[in-house]
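Single-structure report; data block below.
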Amino acid sequence: MRKKLSRLTDLIAQAKAKDSQFGADLEREVKALSSRLPFGLNFERHSPEAVELPLRPIRKSDKVRVLPLRGSVKKGDQRLWQVKDIHKAKKVAEIELTDSDAVEKQTVSMDELVVVAEFRDIIYPGLVSTGKVERGGDQPFHTVINGENYHVLKALTYTHRGKVDAIYIDPPYNTGAKDWKYNNDYVESDDQYRHSKWLAMMERRLLVAKDLLNPADSVLIVTIDEKEYLRLGLLLEQVFTDARVQMVSITTNPKGASRPDMFARVDEFAYFVLIGNSAVSGIAVSDSEGQAVRWPYLRRSDEQSMRGNRPRQFYPVFVDPVTSKITGVGEPLAHDVARETILPPPGVVAVFPVRDDGVEMEWGLTGPSLMKAVRAGFARATRANSLQPYAISYLTGPAINKVESGEYVVSGIREDGTKLVIAPAGKTTRPTTVWVESRHSAPDHGKKVVGALLPTRSFPFPKSLYVVEDSLRLFVANKREATILDFFSGSGTTAHSVMRLNHQDDGRRQCISVTNNEVAADEQEALRGQGLRPGDAEWEQHGICDYITKPRVAAAITGKTPVGDAIKGDYKFTDEFPMSEGFEANAEFFTLTYEARNAVNHNLAFSRVAPLLWLRAGSQGKRIDKLPANGWEVVDTYGLLTEVDQATTFLKALQKASDLRMAYIVTDDDRRFQAIAKRLPRTVEPVRLYESYLTNFSFTSGE
């Protein structure tokens, strides 16, 4: 019904243009009919959503639009055409108008066309790497994928179906201020179907996201404000019928966003959708319920604490690199003794208090005092930088006294044996549905954090780093290898918060961040006036993924801004340390591609399918990017067999691998696949290529 009304609205506008009185009469009758709609969540669910793909090569049978002339800021021809033939030598295409009673054809330069994908179309996705940052050794990679998020979600049904532990999304709030697009058009405040379009957009993505979440134990977290929270709540209950849904109010702008003649808004909402056995942990969020006691860094930071002022406080701390446990300390070094001359005992690493810039500092405790704290579970080591491979943090003497007196509470033990200490302000309970915490302030801990990492770049309304961290901690604190997904990743706050969680407990969680490369609305007109279009390198460099998301993730890991300067400022609250120290983490950046079925089936698109195989195997270690010359290859977490005649050699190689998860076998013969699969180690999952890939996308795209 809504779809029909939306179409009628367009026809009424056309009628008014030709005959204003007739159009007005028609509009009055339609409004009378629309008032009889049944109550409930009614929206144009079946209206096909479409997206332009400026980076996608044009192929025969593609749906395309004809682009406006370069330099024009006017909206181009929105009709859909089909490519009937391509003349590569002349770089032109013969196109024919679709969904038209009259046949209309034209020949157009391929540079003047853009491919259009409707969301009911079958796609065969691939990925192209656009860069990486490696500081995490054998840690799994965080991934950032540049692409239309609905299509990326479809791609993830092949790699992560039922494997995602948590999804955190901050979708467009539908303010009417050109904050999102539907069918390539910004949805503005005067669009009477903007709520319906928003629901259609969200439902399509939530239905796919549901397939990615672990049905046994996972959580979906969605933030929103008052413009759509009622509709979103109904939609979540409609999509996740067996889940438990709660809404939390979070103060994100304590000063308030002033609005003429209305209350100043200080909060927004977060829906928590608990799936399977998922439960809110007892970890404190509110200061009134209890807060983790800060463990300061042992390395002093003031200029008066450079090496030489306190001779007893420059000594090696020995850390086991396998367990990250502190095993002992060495004797203090005289001022004229170089730290490089100290040889640590076998199997441990010597850690000295050295800043990123190479300046030698002093520890905050003497060696005996530190070891007393270690034995009590009040000192720990976490990965740091190359000059100081581990950061040492500890609980201060006064804080230890409060633990002994009962004023502070030991709430748990970490895997490294150190104690989790909280400072309750009353009876410790589960977090409440109202969060009023200064660390959740978006202006103070969202905008300023992004500003520190990317000093010359801005992003509208980034979330507080610590509110995302707190939200996820409630569900993945005890899942050190959790997979977290954000398919409205914006400035990359979710990935950043996952790195912080890993830093606090040496976790191996990984985050998949998905965003398009949309250029801000106010910049688009200026770029079009310069003769630029989406797809041009000069245009794409201003897109959100290339300009904000990727640089923010890279800066967080390296501790350096995009121009190479050390990031100024410190992380605060639960885990305080200089931002310039970065994280022991890996990240790789990808762009979504659209492959032809035949190219995939005949191994012609392997280099683009290869990252999907690596993602499915855990996004860890080396990747097989080229077809192996000898018919097989085995890397850290998976193996690939392209010539089944080499199965025996391949299987022998698999037996020697210790962390293998997947074995991809390329064959059209199901009997040979089954025969090889039976010989695999029990812990290795057999996957048939390309049958599993092609079937997955033929199935998931049918709507």
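Accessible surface for residue 111 stands near 110 Å², nearest 10, in the context of the full protein assembly shown (1.4 Å probe).
In a reduced charge model with +1 at each Lys and Arg Cβ and -1 at each Asp and Glu Cβ, the stretch 568-633 shows a dipole moment near 460 debye about its Cα centre. Relative to the longest principal axis of the Cα atoms of the chain, the long axis of helix 2-18 lies at roughly 50 degrees. To the nearest Å, what is the center-to-center distance of the stretch 118-132 and the stretch 546-577, using C-alpha atoms only? Between the Cα centre of the stretch 118-132 and that of the stretch 546-577, the gap is 29 Å. With a cut-off of 20 Å, note down the residues of the stretch 646-664 whose backbone N falls inside the zone around a label point 7 Å from the Cα of residue 677 toward its beta carbon. Inside the label zone: 646-652, 654-655, 660-664. For the chain, the longest principal axis of the alpha carbon atoms and the long axis of helix 647-656 meet at an angle near 40°. Rolling a 1.4 Å probe over the protein heavy atoms of the stretch 253-357, with every protein chain left in place, gives an accessible area that is 55 percent carbon and sulfur. Distance from the Cα centroid of the stretch 191-226 to that of the stretch 367-390 is 44 Å (rounded to whole angstrom).
Selection among 98, 377, 124 by position relative to the dipole of the chain gives 377 as farthest towards the positive end (Cβ unit charges, Cα centre).
Which pairs break 21 Å Cα to Cα here: 325/656; 88/154; 105/197; 479/622; 255/448; 60/90? In this structure, 325/656; 88/154; 105/197; 479/622 lie more than 21 Å apart at Cα.
Projecting the Cα atoms of 534, 520, 434 onto the charge dipole of the stretch 419-550, computed from C-beta unit charges around the Cα centre, puts 434 farthest toward the positive end. Listed values for the stretch 256-271 are Karplus-derived 3J(HN,Hα) couplings in whole Hz (6.51 cos²θ - 1.76 cosθ + 1.60, θ = phi - 60°), namely x, 8, 6, 9, x, 6, 9, 5, 6, 7, 10, 10, 9, 10, 10, 8, and x replaces Gly and Pro.
Legend: calculated FRET efficiency, residue 372 to residue 309, from the Cβ-Cβ distance at R0 = 25 Å, rounded to 0.05, equals 0.65. Entry note, the chain: the mean residue ellipticity at 222 nm calculated from DSSP H runs of n ≥ 4, each adding -39500 (n - 2.57), is -8000 deg cm²/dmol after division by the residues and rounding to the nearest 500. Full extension of the chain segment joining residue 521 with residue 90 gains 151.7 nm, where the gain is 0.36 nm per residue of separation less the Cα-Cα distance. Subtracting the Cα-Cα distance of residue 340 and residue 246 from 0.36 nm times their residue separation leaves 28.3 nm of extension gain. With a Förster radius of 22 Å applied to the beta-carbon distance between residue 576 and residue 452, the computed FRET efficiency rounds to 0.90. In a reduced charge model with +1 at each Lys and Arg Cβ and -1 at each Asp and Glu Cβ, the chain shows a dipole moment near 840 debye about its Cα centre.
About the centre of its Cα atoms, the stretch 211-276 shows a dipole size close to 260 debye [charges on the beta carbon of Lys, Arg (+1) and Asp, Glu (-1) only; nearest 20 debye]. Note on residue 237 and residue 97: the model spin-label points, each 7 Å out from Cα along the C-beta direction, lie 4.7 nm apart. Which distance in Å, rounded to a whole number, links the C-alpha centroids of the stretch 286-356 and the stretch 391-452? Rounded to whole Å, the Cα centres lie 23 Å apart. Model label sites at residue 59 and residue 216, defined 7 Å from Cα along the beta-carbon direction, differ in position by 3.8 nm. Once the chymotrypsin sites (Phe, Trp or Tyr not before Pro) in DSSP loops with at most 14 neighbouring Cβ atoms within 10 Å are cut out of the chain, the longest remaining piece is 264-703. Here's how it looks for residue 411: its modeled amide H is under 5 Å from those of 420, 421, 422, which are all 5 or more places away or on a different chain. Accessible surface of the stretch 567-644, 1.4 Å probe: 47 percent of it comes from carbon and sulfur atoms. Model label points for residue 438 and residue 407, set 7 angstrom from Cα along the Cα-to-Cβ axis, are 1.9 nm apart. Whole number in Å², please: accessible area per residue of the stretch 329-432, 1.4 Å probe, ligands, DNA and RNA not counted. On a per-residue basis, the stretch 329-432 sits at 51 Å². Here are several values of Rg and Dmax of the Cα atoms in Å: [x] 26.5, 90; [y] 25.0, 83; [z] 28.4, 96. Which one was derived from the coordinates shown? This structure yields the entry labelled [z]. Among 556, 66, 344, flag the residue with its Cα farthest along the positive direction of the charge dipole of the chain, charges on Cβ as +1 for Lys/Arg and -1 for Asp/Glu. So the residue furthest toward the plus end is 344. Taking the longest Cα principal axis of the chain as reference, the axis of helix 465-476 is set at about 80 degrees.
The values are calculated or read from the model by the stated rules, or taken from the named source; none is laboratory data. Please read all numbers here as calculations on a predicted model, not as lab measurements. Positions of Cβ are backbone-derived with ideal geometry, glycine not excepted, and every protein chain shown enters the neighbour counts. Remember, those area values only see protein heavy atoms, side chains included, never the ligands or the DNA or RNA. Shrake-Rupley method; radii C 1.70, N 1.55, O 1.52, S 1.80 Å.
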